[in-house]
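Following: one structure in structure tokens, then a few remarks.
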Amino acid sequence: MGYTNQPQQGSATLPPGYQSVPTSGLPNYGSTVYVQQPPVPQPQILIVGGCPACRVGVLEDDFTCLGVCLAILFFPLGILCCLALRERRCPNCGAIFG
């Protein structure tokens, strides 16, 4: 009369996050012990320069018309104004960030 902890042929599948635990060789008379495992945290992937609105596109630098005009009219100092007036735009959703 040896008892074993073999899974039964018609046993149901376990829900996600549960696992069957052996009962250390004791007879279980058809009952099964389930232990819930804590969920495993998934790593987050951060894209540097990614769009905060759609989270798909990558932001690109665009110069405003005013910045380009100031760079041409006031040449040496106008380039600093052009760099200060640039915008970041998402090519995917079209969102503009200043």
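The values are calculated or read from the model by the stated rules, or taken from the named source; none is laboratory data. Predicted model only: the values in this text are computed from it and were never measured. Reconstructed Cβ throughout: ideal geometry from the backbone, glycine too, with neighbour counts over all protein chains shown. The protein model used for the area step is the full one, side chains on, heavy atoms only, and it has no ligands, DNA or RNA in it. Shrake-Rupley method; radii C 1.70, N 1.55, O 1.52, S 1.80 Å.
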Exercise. By its C-alpha gyration tensor, with a ≥ b ≥ c as the square roots of the eigenvalues, how is the range 48-98 shaped: rounded for a/c under 1.5, else prolate for a/b larger than b/c, else oblate?
Worked result: prolate
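Calculate, for residue 73 and residue 97, the FRET efficiency according to 1/(1 + (r/R0)^6) with r their C-beta to C-beta distance and R0 25 Å; round to the nearest 0.05.
Numbers: r = 26 Å, r/R0 = 1.05.
Efficiency for this residue pair is about 0.45.
Under a Cβ-Cβ cut-off of 12 Å, what is the net charge of the residues other than residue 65 that fall near it, where Lys and Arg count +1 and Asp and Glu count -1?
Around residue 65, the charge tally is -1.
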Seminar exercise, completed: For the pair residue 80 and residue 61, the simple spin-label estimate (label points 7 Å beyond Cα toward Cβ) gives in nm 1.7
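In terms of solvent-accessible area of protein heavy atoms at a 1.4 angstrom probe, what is the ranking of 97, 63, 75, highest value first? Don't skip to the answer; put the middle values down first.
Details: 97 65, 63 110, 75 130 Å².
Largest accessible area first, the residues go 75, 63, 97.
Taking R0 as 30 Å, what's the FRET efficiency between residue 44 and residue 87 from their Cβ-Cβ distance, rounded to 0.05? Provide the component values of the computation, followed by the final result.
Numbers: r = 27 Å, r/R0 = 0.91.
Plugging the Cβ-Cβ distance into 1/(1 + (r/R0)^6) gives 0.65.
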Problem set entry | Charge sum, other residues only, whose C-beta stays under 14 Å from residue 84's C-beta, Lys/Arg counted +1 and Asp/Glu -1 | -1
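Give me the 1.4 Å probe accessible area per residue for the range 45-98, excluding ligands and nucleic acids, in Å².
Ligands and nucleic acids excluded, the result is 76 Å² per residue.
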